[in-house]
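Everything below concerns the one structure shown next.
What follows draws every value from the coordinates through simple rules; no lab data is involved. Here the structure is a predicted model, which is why all the values come from computation and not from measurement. Counting neighbours? That spans all protein chains shown, and the Cβs are built from the backbone with ideal geometry, glycine included.
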Amino acid sequence: MGWRLAPQFPHVNFFEIDHPATASLKAKGIDKIGPQPNLHLIAVDLGKHKLIDVFTENASWNRTAPTIILAEGFLQYLPPQAVQDLFTQCAAVSTESRMVFSYIPTGRDGRPYAGPWTKLVLRFLKTSGEPWLWSIHPEAIGQFLALFGWISAPELMGESAKHGVELYAVATTSS
């Protein structure tokens, strides 16, 4: 997303953090279309490094600048403790943050819910080596966020809080 927005907003720094394998492919593509000075591609495994350390090691990072964190399409692949750690770390990287994230709702059986095809989807994802490990009941989002320094901000959502089977939420570190 940063590569699309960076040229439109040259006064804003964009930081894209990806697993090294993904980041390498993304960097090659961006090099072909033309890198932007305000787009910072960071290749790091957040399972092995803390987000706050990644940012503080980057000279372009400004902890006091208003920050929007986008976590789209990956929380469901993290174990519960890693999701909790990520929310804690995201709250710590900036004094004024908003976080937009997608998540998979939890079904009545306590497993991630993907609609009528849930069993098939979960089996396919597990077989492919990318199982969904985390989900949450939508009504529990506010309480969950509060545990990690966030305030649920549904008033900042657009018209739809759902895309496919994923739900979206917005949180802030201040009211």
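For the residue pair residue 25 and residue 11, what label-to-label distance in nm results when each label sits 7 Å from Cα along the Cα-to-beta-carbon direction?
Taking the two extended label points, one gets 3.6 nm.
Peptides 71-81, 90-100: what's the order by average Cβ count within 10 Å, highest mean first?
Most protected by this proxy first, the peptides run 90-100, 71-81.
With +1 on each Lys and Arg Cβ and -1 on each Asp and Glu Cβ, how big is the dipole of the chain about its Cα centre, in debye rounded to the nearest 20?
Here the chain has a charge dipole of around 420 debye.
Quick check: the angle from helix 118-127's long axis to the longest principal axis of the chain, C-alpha only, nearest 10 degrees?
60
Report, to the nearest 10°, how far helix 80-92 tilts away from the longest principal axis of the Cα atoms in the chain, using its own Cα long axis and a range of 0 to 90°.
Between the helix axis and the principal axis of the chain, the angle is about 40 degrees.
Give the order of 15, 55 when sorted by the count of other beta carbons within 10 angstrom, beginning with the fewest.
15, 55
Is the shape of the range 1-52 rounded, prolate or oblate, going by the alpha carbon gyration tensor and its root eigenvalues a ≥ b ≥ c, with a/c under 1.5 for rounded and a/b larger than b/c for prolate?
Oblate shape, in that a/c is at least 1.5 and b/c is the bigger or equal ratio.
Sorted from largest down, give the three principal axis spans of the alpha carbons of the range 68-162, whole angstrom values.
42, 27, 19
Using the Cα atoms of the range 64-117 to build a convex hull, what is its mean projected area in square nanometres?
Mean orientational projected area (the range 64-117, Cα hull): 4.3 nm².
What FRET efficiency comes out for residue 33 versus residue 123 if R0 is 30 angstrom and r is the Cβ-Cβ distance? Round to the nearest 0.05.
0.20
Give the whole-number value, in cubic angstrom per residue, of the convex hull volume spanned by the C-alpha atoms of the chain.
139
Below 25 Å, Cα to Cα, which lysines can residue 26 reach? Residues fewer than 8 away in the same chain don't count.
48, 50
Can you grab the distance from the C-alpha centre of the range 116-147 to the C-alpha centre of the range 17-38, Å, no decimals?
Centre-to-centre (Cα) distance: 29 Å.
With each label point set 7 Å from Cα along the Cα-Cβ vector, what nm distance links residue 56 and residue 139?
In this crude label model, residue 56 to residue 139 measures out at 4.1 nm.
Which of 169, 89, 136 sits closest to the plus end of the dipole of the chain, meaning its Cα is farthest towards the positive end, when Lys and Arg get +1 and Asp and Glu get -1 on the C-beta?
Ranked along the dipole, the leading option is 136.
Per 10 Å bin from zero, what fraction in whole % of the C-alpha pairs of the range 1-104 is there, up to the bin with the longest pair?
Pair shares across the bins are 14, 47, 34, 5.
Need one number: % antiparallel among DSSP beta bridges in the range 42-175, to the nearest 5.
Given both bridge residues lie in the range 42-175, the antiparallel proportion sits at roughly 60 percent.
Just name one of 6, 107, 23: the one whose Cα is farthest towards the positive end of the charge dipole of the range 1-139 (beta-carbon charges, Lys/Arg +1, Asp/Glu -1).
107
How high is the FRET efficiency from residue 63 to residue 111, r the C-beta distance, R0 25 Å, rounded to 0.05?
0.10
Roughly what would the spin-label model give for residue 82 and residue 163, points 7 Å off Cα along C-beta, in nm?
Each label point lies 7 Å from its Cα, and together they span 2.1 nm.
Check the straight Cα-Cα distances from residue 119 and name the lysines below 21 Å, setting aside those fewer than 8 residues away within the same chain.
Within reach: 162.
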